[in-house]
Structures are given as C-alpha cells and as structure tokens.
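J.: Pasting in a structure now, in structure tokens, and then I'll have a few things to ask.
The values are calculated or read from the model by the stated rules, or taken from the named source; none is laboratory data. All values reported here derive from a predicted model rather than from experimental measurement. When we count neighbours, we look across all protein chains shown, and the Cβ atoms used for this are built from the backbone with ideal geometry, even at glycine.
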C-alpha cells in the first residue's frame with residue numbers, strides 16, 4: 001500500500017530492514033558510550049562482554065521499533081529508494 005500523495009512522515013528508519021543496524025547503533029551509542037567511544041559500542045573493551053543484553057540496548061531496540069509509527073505504510077515494502085524519494089520531496093524529516 002503506497003502512502004497518500006503529499007502525505008508527510010516524521011521518520012523513515014525501517015526498524016526491520018537491512019540497514020536497521022545503523023539506526024540501532026545511532027540510537028544506542030549515546031546510552032552506551034557516555035564517556036566517549038573508548039567505552040565500546042557492541043562490546044565492553046575491558047572484558048568483551050556484549051552490550052546486547054544491557055538496559056541501554058533494550059531501550060534502543062524499543063525506541064527503534066517505536067519509530068515505525070512515524071513512517072509511511074509502505075516503508076517496509078519499498079526499500080531505501082522510498083527513503084530518498086520522500087526526503088528529496090520534503091515528505092519526511094529524516095531517513
């Protein structure tokens with residue numbers, strides 16, 4: 001189902017798409033790296049413990065999933081070309 005012509009959307013983040021890891025790390029980084037990038041992103045450098053089961057990562061997943069409510073109904077069907085098109089047309093805030 002295509003979005004209505006001229007409809008505006010807040011975000012096109014594709015929480016379940018092939019680029020979803022980019023959005024997940026963008027959301028998670030400020031919560032995981034409070035003292036800068038030396039703290040690691042996916043693993044703690046001191047003991048290589050994964051951050052995937054941390055409170056910050058859970059919140060990042062929840063935030064990413066919540067962004068789907070602000071995208072168009074065809075976001076998952078159309079792929080990244082849709083993101084670029086809607087952004088270029090001024091129909092979405094961020095992609």
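J.: How many residues are surrounded by 15 or more Cβ atoms within 10 Å (Cβ to Cβ) and either modelled with pLDDT under 70 or more than 16 Å from the chain's Cα centre (by Cα) (or both) if we restrict to the range 76-95?
T.: Residues in the range 76-95 being surrounded by 15 or more Cβ atoms within 10 Å (Cβ to Cβ) and either modelled with pLDDT under 70 or more than 16 Å from the chain's Cα centre (by Cα) (or both): 4 in total.
J.: Another question, if that's okay. Here are 40, 71: which of them is in contact with a strand residue (DSSP E or B) (Cβ under 6 Å, 6 or more places away or on another chain), under 19 Å from residue 21 (Cβ atoms) and surrounded by 15 or more Cβ atoms within 10 Å (Cβ to Cβ)?
T.: Just one listed residue meets the conditions, 71.
J.: Sticking with this one: Give the residues of the range 45-66 that are surrounded by 14 or more Cβ atoms within 10 Å (Cβ to Cβ) and either in contact with a strand residue (DSSP E or B) (Cβ under 6 Å, 6 or more places away or on another chain) or in a loop (DSSP other than H, G, I, E, B) (or both), sorted by residue number.
T.: Those that are surrounded by 14 or more Cβ atoms within 10 Å (Cβ to Cβ) and either in contact with a strand residue (DSSP E or B) (Cβ under 6 Å, 6 or more places away or on another chain) or in a loop (DSSP other than H, G, I, E, B) (or both): 51, 54.
J.: Taking the range 13-44 only, how many residues are farther than 30 Å from residue 84 by Cα and either assigned to a helix (DSSP H, G or I) or at pLDDT 85 or above (or both)?
T.: Restricting attention to the range 13-44, the residues satisfying the condition of being farther than 30 Å from residue 84 by Cα are 34-36, 38-40, 43-44.
Filter again for either assigned to a helix (DSSP H, G or I) or at pLDDT 85 or above (or both), leaving 38-39.
Of the residues in that region, 2 qualify.
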